[in-house]
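What follows is one structure encoded as structure tokens, with my remarks underneath.
The values are calculated or read from the model by the stated rules, or taken from the named source; none is laboratory data. Predicted model only: the values in this text are computed from it and were never measured. Cβ sites come from the backbone with ideal geometry, for glycine too, and all protein chains shown count toward neighbours. Side chains included, ligands, DNA and RNA excluded: accessible areas come from the protein's heavy atoms. Shrake-Rupley method; radii C 1.70, N 1.55, O 1.52, S 1.80 Å.
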Amino acid sequence: MHHTLFPGPSGTALQPALRPAAAPPRLALVFGSGGVKSVAALGVVQVLEEAGIQADLVVGCSAGAVFGALAAAGHPAAECVRLAQTLWSREITSQRRKAAWLDMALAPWVAARGDRFGETFALRDDRLILERLQRAFGSLRLEDLPVPLRVSTADAHTGEAVVLAQGPVCEALRASVALPFLFTPHRVAGRLLMDGSVCDPLPLAGAAQAQVVLALGFEVPLPRRVAGPVRLATRVTAGLTNNLLHARIAAHAGPSRIVLLPQLERRVGLFETQAMPALLDLGRKAALQALPRLQQLLSACQEHPAGAALPSSQGLRAALAA
């Protein structure tokens, strides 16, 4: 079940609500999780900009939300790339939280006082990432961006998907990148939220009303060798995440849904920023391959009223790999 958060009557608390009736977006871009790999989304944005194609909605999860927010804020593709290089860096994960080991040592006593450990534990300090988000987005709000932005997160207590459609951009993005163990969950208007990839690594559900969807996601690579407990845990979580990814894609398949799943030649770390140029090129190649089909679907939108079925060409879904 997905919840979309809107301001409550008090103007402070957020409560699940239905968005007021409006014309469905013509084209939605959906960018999934993947750490630095998600910068490939800006390669997609570059291709669309060159083709004169404007999105009406951006939906993002985790790093995909961060890079998608740059495009939703109205920056040209080249400026998005420049800002991305300042936002996402290995320096963010080098901010060690000194109290982390003490928290682990005291965990049995903390657990006796409720769920505080799950709410406060993190290996890294989040002050730098908050500072960079604030520098890039300032006081911008999701509902005021040139292109509407929906940020996919997960409830830190239940794992339930929570899609943020209103409120400060910085707060929503900080919540969406709150990867368990790395950063603490982040409270948005009273609700504790964490990285959206936990429940939906490619949040196609957030663009369900769009006439046409172009989505970009990544599978989590499996370790080639399992030489210890960490690699074993990585293999298990990678398998779970990939199964969830493909289940979400299947659940939202349709003739007007184009899903890009570029394949990497090698493993790329979450914050391996030196790979950004190659990843941008990867996104460009995937988008260029999908462009003829996308243009066909958008042309069909002009010939069919909103809500009418679009013609199918080669089955229910175009799953393209670079």
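Data overview
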item	result
Pair list, Cβ under 6 Å, 6 or more apart: the range 230-256 residue hydrophobic (A, V, I, L, M, F, W, C), other residue open to solvent by less than 20 Å² (accessible area, probe 1.4 Å)	245/201; 245/202; 249/259
Those residues of the range 141-170 which are surrounded by fewer than 24 Cβ atoms within 10 Å (Cβ to Cβ), farther than 14 Å from residue 200 by Cβ and touching a Gly at 6+ places or on another chain (Cβ under 9 Å), in sequence order	141, 142, 143, 145, 146, 147, 157, 165, 170
Qualifying positions in the range 233-262 - open to solvent by less than 60 Å² (accessible area, probe 1.4 Å), assigned to a helix (DSSP H, G or I) and within 28 Å of residue 281 (Cβ to Cβ)	234, 238, 241, 242, 244, 245, 249
All strands (runs of 3 or more DSSP E) inside the range 171-229 with 2 or more residues being open to solvent by less than 20 Å² (accessible area, probe 1.4 Å) and closer than 26 Å to residue 141 by Cβ	191-195, 212-216
Checklist (1) open to solvent by less than 30 Å² (accessible area, probe 1.4 Å); (2) modelled with pLDDT under 80 applied to residue 101, failing item	(1)
The lone exception for residue 138 - which of (1) closer than 30 Å to residue 298 by Cα; (2) open to solvent by 20 Å² or more (accessible area, probe 1.4 Å); (3) not aromatic (Phe, Trp, Tyr) it fails	(1)
Scan of the range 139-158 for residues that are in contact with a helix residue (DSSP H, G or I) (Cβ under 6 Å, 6 or more places away or on another chain) and in a loop (DSSP other than H, G, I, E, B), ordered by number	140, 145, 147
Counted residues, the range 124-134 - those being open to solvent by 60 Å² or more (accessible area, probe 1.4 Å) and either in contact (Cβ under 8 Å) with a residue 12 or more places away in the chain or closer than 22 Å to residue 32 by Cβ (or both)	2
Check on residue 278, open to solvent by less than 30 Å² (accessible area, probe 1.4 Å) and either touching a helix residue (DSSP H, G or I) at 6+ places or on another chain (Cβ under 9 Å) or in a helix (DSSP H, G or I) (or both)	no
